[in-house]
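See below for the structure under consideration.
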Amino acid sequence: MMNHIMIRLTDYLVKNPMLDQKASIPRTPYIQETAYLPKIFPSFRLHWGFIIAIAMVFLVYFVLYKTTLGFEIRTVGLNQSAARYAGMNVPKNFIIAMAISGGLAGLAGSGEVLGLNYNLPAAFISGYGFDAIAIALLAKSNPLGIVPSAILWAALRNGAGLMQIRAGISIDLINIIQAFVIMFIAAPRIVRWIYRIKVERGKTGVILTKGWGK
């Protein structure tokens, strides 16, 4: 629900107090050139936002798998009952996870503004959030898996328009392929839920160690 509030608030700011009166479409004025993210290769669109994103992948991996905070977040995500029994604060970890996710999303958005667009248009979101959910599913919520998943998704998404122009293939084919990818990833869970198949012992992903619940 907070997403919708911030989306509408951003649209209001872009179309009213932050509107560039000289622009033909609702957007903010261009940022100063000193705020541009430098290009990695001058002739390509790739900029330092990509390097920052890769750095964040390793940072998030370190936090999730090498720190107590990350262990608590993963435990709450896997089994809230076990986490609560262990004395973990479930609502607190939810809020922390949401705050980290929001910060990373904001960092990604700022990379688009500072490295490519140099302004903030009104319809900036363009469904990126739903693509991010699909990419996370494809990577099975592993930070290191996000990189190849995001590259695959970006190749499908960005190549769709060119495919339609040059090969005459409908852009809807890419949406169908993406839907099949998500469906096959979710298929094992769906089958278990339909046929009430229990997860094999030792594959739940939750490890109870001594000291929990004391």
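The values are calculated or read from the model by the stated rules, or taken from the named source; none is laboratory data. Keep in mind the model is a prediction, meaning the values are calculated, not measured. Note: ideal-geometry Cβ built from the backbone for every residue, glycine included; neighbour counts use all protein chains shown.
If I ask for residues that are part of a helix (DSSP H, G or I) and either in contact with a His (Cβ under 6 Å, 6 or more places away or on another chain) or loosely packed, with under 11 Cβ neighbours inside 10 Å (or both), which ones from region 1-22 would you list?
Correct list: 2, 4, 5, 8, 9.
Six or more apart or on different chains, Cβ atoms under 8 Å: show the pairs whose first residue is in region 16-40 and within 25 Å of residue 52 (Cα to Cα) and whose second is surrounded by 14 or more Cβ atoms within 10 Å (Cβ to Cβ) and among the aromatic types (Phe, Trp, Tyr).
From residues that are within 25 Å of residue 52 (Cα to Cα), the pairs are 30/118; 31/118; 36/118; 37/48; 38/48; 39/48; 40/48; 40/50.
Would you mind finding the one in 25, 73, 40 that is in contact with a helix residue (DSSP H, G or I) (Cβ under 7 Å, 6 or more places away or on another chain), of a type in the set (Val, Ile, Thr) and surrounded by fewer than 16 Cβ atoms within 10 Å (Cβ to Cβ)?
Testing whether each residue is in contact with a helix residue (DSSP H, G or I) (Cβ under 7 Å, 6 or more places away or on another chain), of a type in the set (Val, Ile, Thr) and surrounded by fewer than 16 Cβ atoms within 10 Å (Cβ to Cβ) leaves just 40.
List every residue pair whose Cβ atoms sit under 9 Å apart, with the two residues 6 or more apart in sequence or on different chains, where the first one lies in region 163-189 and is under 19 Å from residue 130 (Cβ atoms) and the second, anywhere, is among the basic types (Lys, Arg).
Every condition considered, the pairs that remain are 174/157; 178/157; 185/140.
With the condition kept exactly as written, say whether any residue in region 20-35 is closer than 21 Å to residue 150 by Cβ and β-branched (Val, Ile, Thr).
no
If I go through region 110-132 residue by residue, how many of them are over 19 Å from the mean Cα position of the chain (by Cα) and not hydrophobic (A, V, I, L, M, F, W, C)?
4
If residue 158 satisfies every condition in (1) part of a helix (DSSP H, G or I); (2) farther than 30 Å from residue 22 by Cα but one, which is the exception?
The one condition residue 158 does not meet is (2).
Could you pull out the residue among 119, 158 that is in contact with a Pro (Cβ under 9 Å, 6 or more places away or on another chain) and modelled with pLDDT under 95?
The match here is 119.
Answer yes or no as to whether residue 107 is in a helix (DSSP H, G or I), under 21 Å from residue 148 (Cβ atoms), within 23 Å of the chain's Cα centre (by Cα) and of a type in the set (A, V, I, L, M).
yes
Could you list, ordered by first residue, the pairs with Cβ atoms under 7 Å in which the first is in region 108-123 and crowded, with 16+ Cβ neighbours inside 10 Å and the second is small (Gly, Ala, Ser) and in a strand (DSSP E or B), at least 6 apart or interchain?
Filtered contacts from region 108-123: no entries.
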